[in-house]
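Step one of this worksheet: look at the structure below.
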Amino acid sequence: MIPITHTWIPLLYLYGVGGIFFLIGMIIIRKSGAINLKLKRHRYWYRVLIFGYFYFLIFHTFFTLVGLYW
Amino acid sequence: MGTIAQVQTTFHDIGSSIDIIIMAVYFIVIMLFGSYFGKYNRSTKDFFFGGRRFAWWLIAFSIVATGVGSHSFIKYSAKGFQYGFSSTMTYLNDWFFLPFFLFGWLPIIVYTRVQSIPEYFEKRFSPSARFLATILLLLYMIGYIGIGFLTLGKAIMPLLPETITTLGLQFQPTLMGIIIIIAVITGIYITFGGQTAVIFTDLLQGFILLFAGFLLFFLGIAYLHPHGGLWSLLPTTFKLPLADFNKPPDFNFVGIFWQDGVAGSVGFLFMNMGLIMRFMATKSVDEGRKAAAFNILFMLPLSAIVVGNAGWIGKAISVIQPNIVPPNTSPDQIFDVVAHVVSSPGVFGFVMAALTAALMSTVDTLINATAAIYINDIHRPIKRLLKIKERTQKDTDKKELSAARYSSIIVTILGVVSVLAFKNFPTVYEAHGYFHSTLTPPLVVAIFLGIFWKRFTPAAVMATFLGGVALMIVGAKFPGILIRPFAQGIQMNAEHPYTYIRAFYNLVVCSAVGVAVTYTDGWFRQIVSKIKSKENHKAIAYSLTILAVVLFLMVALGLGGAFILFIYSLIVAFLVAILSVYFIVYDPVLQTEGLTVWSIQKVKESFKGGKINEREGDKVLVSWVLKEGEDGVINFSKNDMEKMAADQGDLVYISDKRAWLGGLKSIHSVYGKPHDKDGVVYISEENLKDGVFIKGKILKAEKEM
């Protein structure tokens, strides 16, 4: 039996604590006007940034499941 | 092929003479390739930044060799062999800080035209902040170069015979001897090539490296196939993508998260001048964003496989053939051993050439970046201080280019000397982890707060550098007392206490000092105004300076217990804050405008020299025609300018139409007065020289802003 400290706790910590840093970054760049969502190009980048967070979250979740059950 | 017992004890003659020949040929080809691109350097701007001209894909691929170079193959294969797929962790945790980088640091560093990180510190804070940042950054860069050289030496050592006989003389290759030879080879092409050479050699090496890494992976899979395959041979814990939360001390998730995911990611994106210079070599900020995002989303996951797979394959072979790869194989040797076991003569030489090339790429990038810091933060300020001026800009450029080349040589030598400080660490991974968690936090905190917090003051940054470092030293001396509360359950290894999680402690103390001094700025001003009201205020200030120096030295020398030294460190931070307020002239409006994320628009306007034109236009194809004289602009037809949605005075980027050149033949300029000949651009002789355009070749133009 693999302990949860080797599976889901690191995952939650990574995307929880890492997610807080990410969220602060997204809030700062919006509030400061560094990213201007009125511009098409910036809207594209905003979506890419959010996509990247979930891309890595799904990646790690998928491989944790594959490692455990396949 | 020998058994591992032999490999462990005799580290010599792995591979055949064919392998050595292939490696030698590879090195010569790379040197010639790099030297060829030296012709594209016409100034220090080109030498260091490649002239801000390249397409995102070219930079994204050239970053691969830098990202996976240096210590990567050796150290990630080692951890892959010991712990499995979780060796990939550090390649997949960089996204969290990307918003800060793409829309904060990248536009600031490009639009402010700062040529080094310390220069930013001077603009944002003060010359004294620049001085401390230069010292910390040089230590960081030279240490990094040293680790790169050490790894190169360790990778090549097993390939050489125990004794080399040449011209009747016998030599016994030593680690330092090998490193010196490598340093000479590295120095040659960086010195004569510059950043453009580095970008193009890295581009070539990036492709070869990916190919070689995957070749090794597939050879390994083929080797294991008759025995049930890689997947079935690995234990379940080896198949998990993240390490155990807090054990063992030499490889745990939470320690590596703070050391690499936080300090390392910010260091990688914000502090690694080698990498930043690559992004600055892209033709625009948007292209830099594309290069960074593509690199993290796609290239780093691929790189994680490339650098770690030898360890995974080594573990699987150790399960089925422990006589060939015993489970107790030294982790730092597993890459060489597995490459030798799974590949045939010649292929092994090619794989090792790719590895050493990758190692060299990181080292040469760092040497180039360190030379840039030397020119910008030591050479130029000294010349300003001594009031030395060249007659023309061309003379200045020529002298600086020559100084840049000499400084590359000196930095290379210092890098070799710094190997002495690292060569006694048990593994490269630990040496690098310790180095990273110790040297990056003060700069990471200072850069980060400087960019994203307008209120962050020079007093706060100076206190972060000196008070923070003092608290870090106390933590390093008393880890059981000070770092343990941050360890989150990690057991302390007495020999190497808290190798990774110390980054968390270091980040917290540096941030705490910076934040506390910023919030108490008014209070420090009151104290300083009271001091200044005294007649002997200068004597008081100098006395406090001496006291701060003495206390800092007491902390550095460890003269006292944990509590006393901790208090001394806080006093150092307090005194530094007072002295900074006393000595530093700071304008909080002027010195934050365009230098924090809160005023990006201002810095864009100042970069352009006018209002920003955000209208979106198309690219146009044009033929170039030479015009008389040099007026600093290029001229398009009215219709072409309309297509590009450009106005007179806007910035334009024009390049050879052939996309595969990636912007090598290109220039930046300004739209001048339009004419009536559609499809024609008038350029000057100087533009032609800068862009290295070819007669008859069509150019592609686009508005930058």
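The values are calculated or read from the model by the stated rules, or taken from the named source; none is laboratory data. Quick caveat: nothing in here was measured; it's all calculated off a predicted structure. Here the Cβ positions follow ideal geometry from the backbone for every residue, glycine too, while neighbour counts run over all protein chains shown. Keep in mind that these areas ignore ligands, DNA and RNA; they rest on the heavy atoms of the full protein, side chains included. Shrake-Rupley method; radii C 1.70, N 1.55, O 1.52, S 1.80 Å.
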Counting only residues 5 or more apart in sequence or on a different chain, those whose built amide H sits under 5 Å from that of B:Phe54 are B:Thr282, B:Lys283
Taking a label point 7 Å from the Cα of B:Ile413 along Cα-to-Cβ, the residues of the range B:350-393 whose backbone nitrogen sits under 16 Å from it are B:371
Mean other chain Cβ within 10 Å across B:372-378 is 0
Any aspartates and glutamates whose Cα falls less than 14 Å from that of A:Lys38, other than same-chain ones fewer than 8 residues away, would be B:Glu614, B:Glu616
Whole-Å distance linking the alpha carbon centroid of the range B:389-454 with that of the range B:123-145 is 8
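Just tell me how shielded B:289-302 is by partners: mean number of partner chain Cβ atoms within 10 Å of each residue's Cβ, no decimals.
Mean partner-chain Cβ count within 10 Å for B:289-302: 2.
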Sorted by chain and number, the residues with a modelled amide H under 5 Å from that of B:Val652, at a separation of 5 or more or across chains, are B:Ser669, B:Val670, B:Tyr671, B:Glu704
Once the in-chain neighbours fewer than 8 apart are removed, the lysines whose Cα is under 23 Å from B:Lys638 read B:Lys608, B:Lys611, B:Lys619, B:Lys627, B:Lys657, B:Lys673, B:Lys677, B:Lys697, B:Lys700, B:Lys703
Of all trypsin sites (Lys or Arg not before Pro) in the range B:442-508, the ones in DSSP coil with at most 14 other Cβ atoms within 10 Å are B:Arg455
Extend 7 Å from the Cα of B:Asp678 along its Cα-to-C-beta direction; within the range B:635-668, residues with backbone N under 13 Å of that point are B:637-644
In whole Hz, the Karplus estimates of ³J(HN,Hα) for the range B:650-662 (6.51, -1.76, 1.60; θ = phi - 60°; x where Gly or Pro) are 5, 8, 10, 10, 10, 9, 4, 4, 5, 4, 5, 6, x
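Determine the percent antiparallel among the DSSP beta bridges restricted to chain B, to the nearest 5. Write out the running numbers ahead of the final one.
On the way: 17 of 24 bridges.
Restricted to chain B, the bridges split so that about 70 percent are antiparallel.
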With a 1.4 angstrom probe the carbon and sulfur portion of accessible area for the protein assembly as shown, in percent, totals 66
Checking rank on B:101-109, B:24-32, with mean other Cβ inside 10 Å and highest first, the result is B:101-109, B:24-32
Mean per-residue count of partner chain Cβ within 10 Å for B:100-109 equals 4
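How would you order B:258-269, B:305-316, B:547-558, B:283-294 from highest to lowest mean count of nearby Cβ atoms within 10 Å?
The peptides rank, most packed first, as B:305-316, B:258-269, B:283-294, B:547-558.
Beta carbons within 10 angstrom, averaged per residue: use that to sort the peptides B:137-149, B:637-649, B:116-128, highest first. Before the final figure, lay out each step's value.
Numbers: B:137-149: 24.2, B:637-649: 17.4, B:116-128: 22.5.
For the peptides B:137-149, B:637-649, B:116-128, the packing ranking is B:137-149, B:116-128, B:637-649.
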With x for Gly and Pro, the residue-by-residue ³J(HN,Hα) of the range B:399-407, computed from phi through the Karplus equation 6.51 cos²θ - 1.76 cosθ + 1.60 at θ = phi - 60° and given in whole Hz, is 5, 5, 4, 5, 5, 4, 5, 5, 5
Treating only Lys and Arg (+1) and Asp and Glu (-1) as charged, each at its beta carbon, one finds that the range B:546-677 has a dipole about its Cα centre, in Debye to the nearest 20, of 280
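Explain nothing, just the number: relative contact order of chain B, from Cα pairs under 8 Å at least 6 residues apart, as a whole percent. Mind showing how you got there, number by number?
Working: 1233 pairs, mean separation 145.4, N = 705.
It rounds to 21 percent for chain B.
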Restricting to lysines and to Cα separations under 16 Å from B:Lys389, and discarding same-chain partners fewer than 8 apart, the set is B:Lys398, B:Lys399
